[in-house]
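Below is one structure, written out as structure tokens; the observations come after it.
The values are calculated or read from the model by the stated rules, or taken from the named source; none is laboratory data. Predicted, not measured: the structure shown is a model, and the values here were computed from it. Reconstructed Cβ throughout: ideal geometry from the backbone, glycine too, with neighbour counts over all protein chains shown.
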Amino acid sequence: MIILRIDIIEIAIELLSDKTIKNKLRNSQIEKKLKYKNPLLYSNVSRQKIKSEFIKIFPIHNNKKKRTKIFKISKKQLTKAIRYYSYTIGKK
Amino acid sequence: MSYFDKIDDYKLFFTFSFQTLRKLSQEDKELFNDLFYNRTPEYHRIISMLRNIKNRGDNILIIGDAGVGKSSFTYRILYDNKLINDFNLYPLIVDYGDCLNKNICLMNFISDMERYFKEINNPINTLLNNTEKNIDTNIHGLQKHLSILSRENLQKHLLIFLDDFDYLEENLFSFLKNFFPFASSNKISVILSVRPPLYSAIECYDSRYKIFFTSDVQRIELQPMTTQKLLKKRLAVVLHPESQNIYRTIVSKFLNENSVYKKLLSIYGITNIEQLEKIHLPFTHLYLNFMNSITNGNIREIFEIAYDSLVYTLLHYDDIDSIEEDDDGIIAPRKNLDNKHVILLFTENQTLTHKDKYKRTYRLFNLNEFKSRNKNSLIYNVLEAIKIYEYLNVEFYESLEMMGHSKDAINKIVKIISNKKNRLIVPAKIIPKEDRETTLLYEHYKTTMKGDYYLTNIAYWKEYIEVFGDFGNSLRSKII
């Protein structure tokens with residue numbers, strides 16, 4: 001689901017630009033942000049779905065653990081993801 | 001025969017009948033259906049789309065060049081009460097052309113949505129006062145309220161018309177962002193009308209917008225219409241047998257039996273609608289071809305040309321040659337307006353006689369305004385170079401400098417070309433160098449094709465060269 005993946009990238013860009021926040025994200029936090037962003041599309045989005053898409057953008061070992069609820073985001077992985085999906089993300 | 005004294009009255013009639021269809025039918029919506037011309041296959045297609053739209057929740061895209069009639073096509077659906085009631089639809093209009101202000105547009109939209117929720121007995125209570133500060137929170141509130149309601153509770157299927165978004169330009173995506181959640185939902189359908197440059201901008205921007213606005217949508221493409229019948233339809237206002245009931249309140253003075261407007265048409269030998277259908281008006285085929293090609297099918301511009309040329313024929317009635325009766329069913333006397341008159345009409349170089357002292361709404365562009373020492377036309381060569389090189393790269397400048405143009409002058413012309421007010425030239429757009437290595441003009445040139453038509457037409461006009469002078473050498477001859 002490419003739309004969900006781009007939305008997660010946008011959320012990660014916002015968070016990493018804010019220096020007061022550590023580079024850790026809770027699953028529920030992402031869900032809240034997504035539901036605020038597009039309540040019509042993500043009204044029934046599951047946390048399992050978010051996790052599966054999140055791993056593809058940030059393939060860090062800790063994120064892949066079965067029971068993890070806190071995800072790590074890194075600038076390096078993010079820049080890689082932006083480059084990979086660059087044809088999809090518009091000019092900011 | 002001179003009509004010089006009554007020319008102001010004629011002008012009133014022409015300006016009235018060549019208005020946009022929506023303005024013309026502001027007081028009478030029935031009039032809209034009477035004057036709406038052609039587009040029946042497209043209309044039947046959109047009906048078949050709207051029939052199933054409630055189950056699928058598809059979005060619809062209407063593509064067409066400037067002035068082809070996208071807005072009037074969408075309003076044709078809106079004014080059709082029977083269709084809207086049968087398919088159980090609820091249309092909402094977001095017309096940027098009406099307000100020309102983002103905030104006012106969104107505030108109107110919020111109040112419309114609020115009214116709809118009241119009508120279906122599911123009022124929304126979470127909205128704040130409808131002011132500029134609260135727009136974002138209110139729109140989010142609307143989206144949240146919609147996500148809670150089931151399809152059965154919604155009763156009617158919402159249709160959001162997004163019209164005239166071409167005027168937004170740089171602010172387009174920040175504005176379209178507000179409607180993106182609505183477009184992604186199955187409960188609502190969005191109908192977006194765009195010009196080709198805006199269509200390509202959405203395609204390039206972001207795959208989310210691409211999916212919901214351009215690729216995964218039902219699309220209708222509007223082609224330019226035949227001008228002659230369209231013009232007749234507009235001039236038929238006076239001759240229409242039912243018009244007396246419709247226009248009584250609006251233009252009672254046009255409808256007297258002795259009115260100047262009816263006399264005007266009788267000059268061309270027309271007294272009823274059947275005859276009007278047969279006659280070719282004062283325009284020859286060449287002239288109509290000119291209208292179509294030079295304006296790229298833009299109806300607004302065609303009306304402007306028609307207005308000017310009809311006034312011109314009345315002023316110079318005795319001077320212009322008339323064509324004799326043909327087998328084509330032409331009634332006569334028909335005036336022969338050709339390219340020679342076009343140049344007399346729409347150029348500024350001509351000497352004005354006492355009769356011609358009125359402002360023309362249309363103007364031809366002078367390609368020989370800027371010339372090099374070798375007497376090569378700068379604008380003509382730049383247009384050619386855009387077509388050949390596509391980008392403003394080193395080769396682009398080098399080839400033009402070979403023709404004797406300086407770099408500053410070239411940049412100056414590129415700015416003129418990219419200015420949208422000069423509608424006869426390419427409505428190109430300069431992208432800043434930070435984003436891409438070279439500035440790209442060809443995309444916009446290609447999508448509109450206007451500059452191309454202009455070049456091909458004018459190169460074969462002897463009359464144009466007689467007035468403005470020769471263009472000099474072509475760029476292609478140097479390259480080879």
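Checking the conditions here, which among B:Asp470, B:Asp408, B:Asp452 is modelled with pLDDT under 75 and either in a helix (DSSP H, G or I) or among the acidic types (Asp, Glu) (or both)? Quick ask: steps written out before the conclusion?
Details: B:Asp470 fails: modelled with pLDDT under 75; B:Asp408 fails: modelled with pLDDT under 75.
Matching residue, one of B:Asp470, B:Asp408, B:Asp452: B:Asp452.
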Please state which of the following conditions A:Thr20 fails to meet, knowing it meets all the rest: (1) in contact (Cβ under 8 Å) with a residue 40 or more places away in the chain; (2) surrounded by fewer than 18 Cβ atoms within 10 Å (Cβ to Cβ); (3) of a type outside the set (Gly, Ala, Ser).
-> (1)
What are the residues in the range B:117-144 that are part of a loop (DSSP other than H, G, I, E, B) and within 14 Å of chain A (Cβ to nearest Cβ), if any?
-> B:Ile124, B:Thr126
Enumerated helices (runs of 4 or more DSSP H) restricted to the range A:1-91, each holding at least 2 residues that are under 29 Å from B:Lys187 (Cβ atoms) | A:2-17, A:27-37, A:47-57
Selection within the range B:175-192 - more than 11 Å from chain A (Cβ to nearest Cβ) and either crowded, with 23+ Cβ neighbours inside 10 Å or at positive phi (or both) = B:Ser189, B:Val190, B:Ile191, B:Leu192
Subset of the range B:47-82 (residues that are of a type in the set (A, V, I, L, M) and either over 21 Å from B:Thr226 (Cβ atoms) or without any contact (Cβ under 8 Å) to a residue 24 or more places away in the chain (or both)) | B:Ile47, B:Met49, B:Leu50, B:Ile53, B:Ile60, B:Leu61, B:Ile77, B:Leu78
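Out of all the residues in the range B:86-96, is one or more outside any helix (DSSP H, G or I) and within 14 Å of chain A (Cβ to nearest Cβ)?
no
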Would you confirm whether any residue within the range A:71-92 is surrounded by fewer than 11 Cβ atoms within 10 Å (Cβ to Cβ), within 14 Å of chain B (Cβ to nearest Cβ), at pLDDT below 90 and within 28 Å of B:Ser150 (Cβ to Cβ)?
-> no
Hey, among A:Asn38, A:Asn27, which residue is closer than 25 Å to B:Phe173 by Cα, of a type in the set (S, T, N, Q) and surrounded by 13 or more Cβ atoms within 10 Å (Cβ to Cβ)?
-> A:Asn38
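Looking only at residues that are in a loop (DSSP other than H, G, I, E, B) and polar (S, T, N, Q) in the range B:150-182, which one is farthest from B:Arg115 (Cα to Cα)? Steps first, please.
First pass over the range B:150-182, keeping only residues in a loop (DSSP other than H, G, I, E, B): B:150, B:155-156, B:164.
Add one more test, that the residue is polar (S, T, N, Q), and what stays is B:150, B:155.
On the way: B:Ser150: 18, B:Gln155: 14 Å.
Checking each candidate, the answer is B:Ser150.
Identify all residues within the range B:147-158 that are crowded, with 18+ Cβ neighbours inside 10 Å and more than 35 Å from the chain's Cα centre (by Cα); write none if there are none. If you could, list the steps in order and put the result at the bottom.
Kept after step one, since they are crowded, with 18+ Cβ neighbours inside 10 Å, are these residues of the range B:147-158: B:147, B:154, B:157-158.
Answer for the range B:147-158, where residues must be crowded, with 18+ Cβ neighbours inside 10 Å and more than 35 Å from the chain's Cα centre (by Cα): B:Ser147, B:Leu154.
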Qualifying residues in the range B:49-60 (those that are outside any helix (DSSP H, G or I) and crowded, with 20+ Cβ neighbours inside 10 Å) - the one nearest to the chain's Cα centre (by Cα) | B:Ile60
